[in-house]
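**Q** What follows is a structure written as structure tokens; I'll ask about it next.
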Amino acid sequence: MPFHFQRRRLHYYHRFRFLLPLISAISGALLILFALLLVLAPSPLDVNNQLRHSSKFNVAVDDDAVAAGLTVFRVPSGRGRLDRDLWSSRNSKFYYGCSNATKKFPDVDEITHPNRYLAIATSGGLNQQRTGITDAVVAARILNASLVVPKLDQKSFWKDASNFSEIFDVDWFISFLSKDVKIIKQLPRKGGKMWTPSTMRVPRKCSERCYQNRVLPVLLKRHAIQLNKFDYRLANRLNTDLQKLRCRVNYHALKFTDPIQKMAKKLVHRMRMRSKHYIALHLRYEPDMLAFSGCYYGGGDKERKELGAIRKRWKTLHISNPDKPRRHGRCPLTPEEVGLMLRALGYGSDVHMYVASGEVYGGEETLAPLKALFPNFYSKETIATKEELEPFYSFSSRMAALDFIVCDESDVFVTNNNGNMAKILAGRRRYFGHKPTIRPNAKKLYRLFLSKENMTWGAFASNVRTYQRGFMGEPNEVRPGRGGFHENPYTCICEDSQAKAKRDVGPRKYGKSNNITRKDEVEFHAQNMEDDPEWPDTDEDEYESGPLDSDLLNRTGVDYDAVNSEEPELEEMLSD
């Protein structure tokens, strides 16, 4: 071998000999670094838990997780593409509220008997009292009696000392109904002295015949009676003219006082200044309500201990299986679940939301997921000054009245449970144009929420939209006669047959249509019957009642009057 080749080989050999230790050192460092990464990196279970946590707060998930084959539930910030208007009910223009009396309804002077006076004492908070006032007018008409302006409950849990004229415009109330029922502000004096009426109670859902058989004989003898604890004491099904009278009272005669209306209009205006449209959410998630419902939300021993302690207030309330009510759709949705439902229905993160609620169980920690999904989150306390709300702070019913008006004026009203305020507003919004009113299909949504981590957002959203058909406040969504009349005032909803006929014979357009076909109506009527456990078919079903809240009564089977006689001061805690 030539000498110059040997010199070149030796040269490369010496260079490689010096590089070898350097390569070894770098390799060792890389091995140590890799080992540290293995030790410090979270387990696959931890990664999955982080993914669940991130979906809760609408945080984007790393694409590496997708590549790793993990199911990702990621809520997009946009609205998505939908084939419907989010802010109006389709076909609502073909229906309108109609509550005028028929020609068969005699004038008040023809039927009112002298020396017959009916007084009532309402029960509960604002909305429960509202139902009592409405039904009291009808009861007076059935008895052919003069009605004394109703007394409001001032001793319930809310401890509101307001009288009728401090919440409702009493003069308007009397004058608007002057052709239907004679209403007086107080009983006339008897022998120069104040007249104290005899007191009695009537059964829940008392029919027209019930009043004539039970109350009229006493009224004829005593001439003045007061019906105490008067809430839901009138049957759902009455003749047409009495039902229309109910609507005239509830939707026209009961008008809030000027101070309440002026403040509420300010709140509505401020929401409108922020956005063209807004959602109003009536959020019922107070500790007492959750305790009474017997529902379990996955909070472990802490939740069981805290709610269990509150539940002991009701001696007749026994909860054997806390998971059962949720499976049957009888529990209010959590704030996070409400947010996910709305986002799945197409409402984006830019939507403005007004929230009417009491004390939320878990406080800000419980509200955080909802606020993350809808950052434009407001309440009357955040859009009004303390000075503006000062005249209302000490009066829970007046504060509730502000929320009532702002919710009623909203483009979309949402509830997480079917309480009194939700029911009354649902009926009112049907009467005044079928504004969208979203009531969760809790039975099916519960199962969907349980399995959401095992599906994509697209699949979840598609299921939510399917399950919510028939629960969005559309016309003809609920069969006539189903549920309470205050929620479904079917007698007072008329169809504009001429407008509908023009639509049916008008030029047809190709593509997607907003018209509900006969097949659509049959489908969502069938779904409503299958999925909705809170709409009893008969008045007899509604006697199956429990304490505190007439709406929760139907779900628990606990006797209303028995428990409320034990705990009268807590009666309204859950109802509004």
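**Q** Does VAL202 fit the bill of being free of Cβ contacts under 8 Å to residues at least 24 places away in the same chain and either over 25 Å from the mean Cα position of the chain (by Cα) or not assigned by the TED database to the domain that holds PHE392 (or both)? Full working, then the answer.
**A** On the way: free of Cβ contacts under 8 Å to residues at least 24 places away in the same chain: no; either over 25 Å from the mean Cα position of the chain (by Cα) or not assigned by the TED database to the domain that holds PHE392 (or both): yes.
Taking the combined requirement at face value, the residue does not satisfy it.
**Q** Determine whether the stretch 213-221 contains at least one residue that is farther than 19 Å from PRO114 by Cβ and either out of contact with any strand residue (DSSP E or B) (no Cβ under 7 Å at 6 or more places or on another chain) or touching a residue at least 60 places away in the same chain (Cβ under 8 Å) (or both). Step through it out loud before you land on a result.
**A** Within the stretch 213-221, the subset farther than 19 Å from PRO114 by Cβ is 213-214.
With the extra rule that they be either out of contact with any strand residue (DSSP E or B) (no Cβ under 7 Å at 6 or more places or on another chain) or touching a residue at least 60 places away in the same chain (Cβ under 8 Å) (or both), the set shrinks to 213-214.
For the stretch 213-221, residues farther than 19 Å from PRO114 by Cβ and either out of contact with any strand residue (DSSP E or B) (no Cβ under 7 Å at 6 or more places or on another chain) or touching a residue at least 60 places away in the same chain (Cβ under 8 Å) (or both): present.
**Q** Let me ask something else. Just to be sure, is ASN115 modelled with pLDDT of 95 or more and part of a loop (DSSP other than H, G, I, E, B)? Steps first, please.
**A** Numbers: modelled with pLDDT of 95 or more: no; part of a loop (DSSP other than H, G, I, E, B): yes.
It is false that ASN115 is modelled with pLDDT of 95 or more and part of a loop (DSSP other than H, G, I, E, B).
**Q** I'd like the full set of residues that are acidic (Asp, Glu) and modelled with pLDDT of 95 or more, limited to the stretch 145-188.
**A** Filtering the stretch 145-188 down to residues acidic (Asp, Glu) leaves 153, 160, 166, 169, 171, 180.
Across the stretch 145-188, the qualifying residues are GLU166, ASP169, ASP171, ASP180.
One line per residue, one yes/no per condition, for (1) farther than 27 Å from ALA401 by Cα; (2) among the polar types (S, T, N, Q); (3) in contact with a helix residue (DSSP H, G or I) (Cβ under 7 Å, 6 or more places away or on another chain); (4) open to solvent by 10 Å² or more (accessible area, probe 1.4 Å):
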position	(1), (2), (3), (4)
ALA139	no, no, yes, no
ALA145	yes, no, yes, no
ASP171	no, no, no, yes
SER175	no, yes, no, yes
ASP180	no, no, yes, yes
SER207	yes, yes, no, yes
HIS223	yes, no, no, yes
ASN228	no, yes, no, yes
CYS247	no, no, yes, no
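**Q** Continuing with the same structure: So for the stretch 148-168 (the condition being closer than 27 Å to ILE493 by Cα and either assigned by the TED database to the domain that holds ARG429 or in a loop (DSSP other than H, G, I, E, B) (or both)), does at least one residue qualify?
**A** In the first step, residues of the stretch 148-168 are kept if they are closer than 27 Å to ILE493 by Cα; the result is 168.
Within this subset, residues satisfying the condition of being either assigned by the TED database to the domain that holds ARG429 or in a loop (DSSP other than H, G, I, E, B) (or both) are none.
Taking every residue of the stretch 148-168 in turn, none turns out to be closer than 27 Å to ILE493 by Cα and either assigned by the TED database to the domain that holds ARG429 or in a loop (DSSP other than H, G, I, E, B) (or both).
**Q** Of all residues in the stretch 448-474, how many are surrounded by fewer than 19 Cβ atoms within 10 Å (Cβ to Cβ) and either free of Cβ contacts under 8 Å to residues at least 12 places away in the same chain or over 20 Å from the mean Cα position of the chain (by Cα) (or both)?
**A** 12
**Q** Residue under question is VAL522, and the condition is that it be at pLDDT below 95, within 24 Å of ALA426 (Cα to Cα) and either of a type in the set (Gly, Ala, Ser) or outside any loop (DSSP other than H, G, I, E, B) (or both); does it hold?
**A** Details: at pLDDT below 95: yes; within 24 Å of ALA426 (Cα to Cα): yes; either of a type in the set (Gly, Ala, Ser) or outside any loop (DSSP other than H, G, I, E, B) (or both): yes.
Considered against the rule, which asks whether it is at pLDDT below 95, within 24 Å of ALA426 (Cα to Cα) and either of a type in the set (Gly, Ala, Ser) or outside any loop (DSSP other than H, G, I, E, B) (or both), VAL522 comes out as yes.
**Q** Looking at the stretch 309-333, which of the residues that are at pLDDT 85 or above and open to solvent by less than 20 Å² (accessible area, probe 1.4 Å) is nearest to THR366 (Cα to Cα)?
**A** LEU333
**Q** Determine whether the stretch 422-432 contains at least one residue that is of a type in the set (A, V, I, L, M, F, W, C), open to solvent by less than 30 Å² (accessible area, probe 1.4 Å) and under 16 Å from SER92 (Cα atoms).
**A** Taking the stretch 422-432 first, the residues of a type in the set (A, V, I, L, M, F, W, C) are 422, 424-426, 432.
Those left that are additionally open to solvent by less than 30 Å² (accessible area, probe 1.4 Å): 422, 424-426.
Keeping just the survivors that are under 16 Å from SER92 (Cα atoms) gives 426.
Taking every residue of the stretch 422-432 in turn, at least one turns out to be of a type in the set (A, V, I, L, M, F, W, C), open to solvent by less than 30 Å² (accessible area, probe 1.4 Å) and under 16 Å from SER92 (Cα atoms).
**Q** Follow-up question, since we're still on this one. Does the stretch 83-108 hold any residues that are over 20 Å from ARG141 (Cα atoms) and touching an Asp or Glu at 6+ places or on another chain (Cβ under 9 Å), and which are they?
**A** Filtering the stretch 83-108 down to residues over 20 Å from ARG141 (Cα atoms) leaves 83-97.
Those that are over 20 Å from ARG141 (Cα atoms) and touching an Asp or Glu at 6+ places or on another chain (Cβ under 9 Å): LEU86, TRP87, SER88, SER89, ARG90, ASN91, SER92, LYS93, PHE94, TYR95, TYR96.
**Q** Restricted to the stretch 182-201, and to residues that are open to solvent by less than 70 Å² (accessible area, probe 1.4 Å) and of a type in the set (Val, Ile, Thr), which residue is nearest to ILE133 (Cα to Cα)?
**A** Among residues in the stretch 182-201 that are open to solvent by less than 70 Å² (accessible area, probe 1.4 Å) and of a type in the set (Val, Ile, Thr), the one nearest to ILE133 (Cα to Cα) is ILE183.
**Q** Check the stretch 250-272 and report whether any residue there is open to solvent by 70 Å² or more (accessible area, probe 1.4 Å), in contact with a Phe, Trp or Tyr (Cβ under 9 Å, 6 or more places away or on another chain), among the basic types (Lys, Arg) and over 30 Å from ALA119 (Cβ atoms).
**A** Checked against the condition, which is being open to solvent by 70 Å² or more (accessible area, probe 1.4 Å), in contact with a Phe, Trp or Tyr (Cβ under 9 Å, 6 or more places away or on another chain), among the basic types (Lys, Arg) and over 30 Å from ALA119 (Cβ atoms), the stretch 250-272 yields at least one hit.
**Q** Scan the stretch 254-306 residue by residue and report those that are without any contact (Cβ under 8 Å) to a residue 40 or more places away in the chain and either within 15 Å of ALA384 (Cβ to Cβ) or in contact with a Lys or Arg (Cβ under 9 Å, 6 or more places away or on another chain) (or both).
**A** LYS262, HIS269, ARG272, MET273, ALA291, CYS295, TYR296, TYR297
**Q** Among the listed residues ALA235, ALA224, identify the single one that is touching a Pro at 6+ places or on another chain (Cβ under 6 Å) and of a type outside the set (D, E, K, R).
**A** One residue alone meets the criteria, ALA224.
**Q** Kindly indicate whether any position in the stretch 277-300 is touching a helix residue (DSSP H, G or I) at 6+ places or on another chain (Cβ under 8 Å), under 30 Å from SER178 (Cβ atoms) and open to solvent by 10 Å² or more (accessible area, probe 1.4 Å).
**A** no
**Q** Quick one: would you say GLU477 is of a type in the set (Asp, Glu), open to solvent by less than 30 Å² (accessible area, probe 1.4 Å), closer than 21 Å to LYS93 by Cα and in the same structural domain as MET341 (by the TED database)?
**A** Working: of a type in the set (Asp, Glu): yes; open to solvent by less than 30 Å² (accessible area, probe 1.4 Å): yes; closer than 21 Å to LYS93 by Cα: yes; in the same structural domain as MET341 (by the TED database): yes.
Yes: the conditions hold for GLU477.
**Q** Something else now. Return yes when GLU364 is within 16 Å of PHE460 (Cβ to Cβ) and in a helix (DSSP H, G or I) and no when it is not.
**A** Working: within 16 Å of PHE460 (Cβ to Cβ): no; in a helix (DSSP H, G or I): yes.
Judged against the criteria, GLU364 is not a match.
**Q** Sticking with this structure for a sec: Residues in the stretch 177-184: is at least one outside any loop (DSSP other than H, G, I, E, B) and closer than 30 Å to MET399 by Cβ? Before you say what the answer is, go through the steps one by one.
**A** Our first condition is that a residue be outside any loop (DSSP other than H, G, I, E, B); within the stretch 177-184, this holds for 183-184.
Cutting the leftovers down to closer than 30 Å to MET399 by Cβ gives us 183-184.
So far as the stretch 177-184 goes, yes, one or more of its residues are outside any loop (DSSP other than H, G, I, E, B) and closer than 30 Å to MET399 by Cβ.
**Q** Among the residues of the stretch 400-450, what is the count of those that are in contact with a His (Cβ under 8 Å, 6 or more places away or on another chain) and among the polar types (S, T, N, Q)?
**A** Quick first cut of the stretch 400-450, residues in contact with a His (Cβ under 8 Å, 6 or more places away or on another chain) only: 403, 407, 411-416, 419, 421-425, 427, 443.
Next, from what is left, pick out any that are among the polar types (S, T, N, Q): 415-416.
Selection size over the stretch 400-450: 2.
**Q** Filter the stretch 363-389 down to the residues that are open to solvent by less than 50 Å² (accessible area, probe 1.4 Å) and under 29 Å from ARG304 (Cβ atoms) and list them by number. Can you show your working first?
**A** Here is the first cut: in the stretch 363-389, the residues open to solvent by less than 50 Å² (accessible area, probe 1.4 Å) are 363, 366-370, 372-374, 376-380, 383-384, 388-389.
Of everything in the stretch 363-389, those that are open to solvent by less than 50 Å² (accessible area, probe 1.4 Å) and under 29 Å from ARG304 (Cβ atoms) turn out to be GLY363, THR366, LEU367, ALA368, PRO369, LEU370, ALA372, LEU373.
The values are calculated or read from the model by the stated rules, or taken from the named source; none is laboratory data. Predicted model only: the values in this text are computed from it and were never measured. Ideal geometry is used to build each Cβ from the backbone, glycine not excepted, and the neighbour counts take in all protein chains shown. Just so you know, the surface numbers come from the protein's heavy atoms only, side chains and all, with ligands and any DNA or RNA stripped out. Shrake-Rupley method; radii C 1.70, N 1.55, O 1.52, S 1.80 Å.
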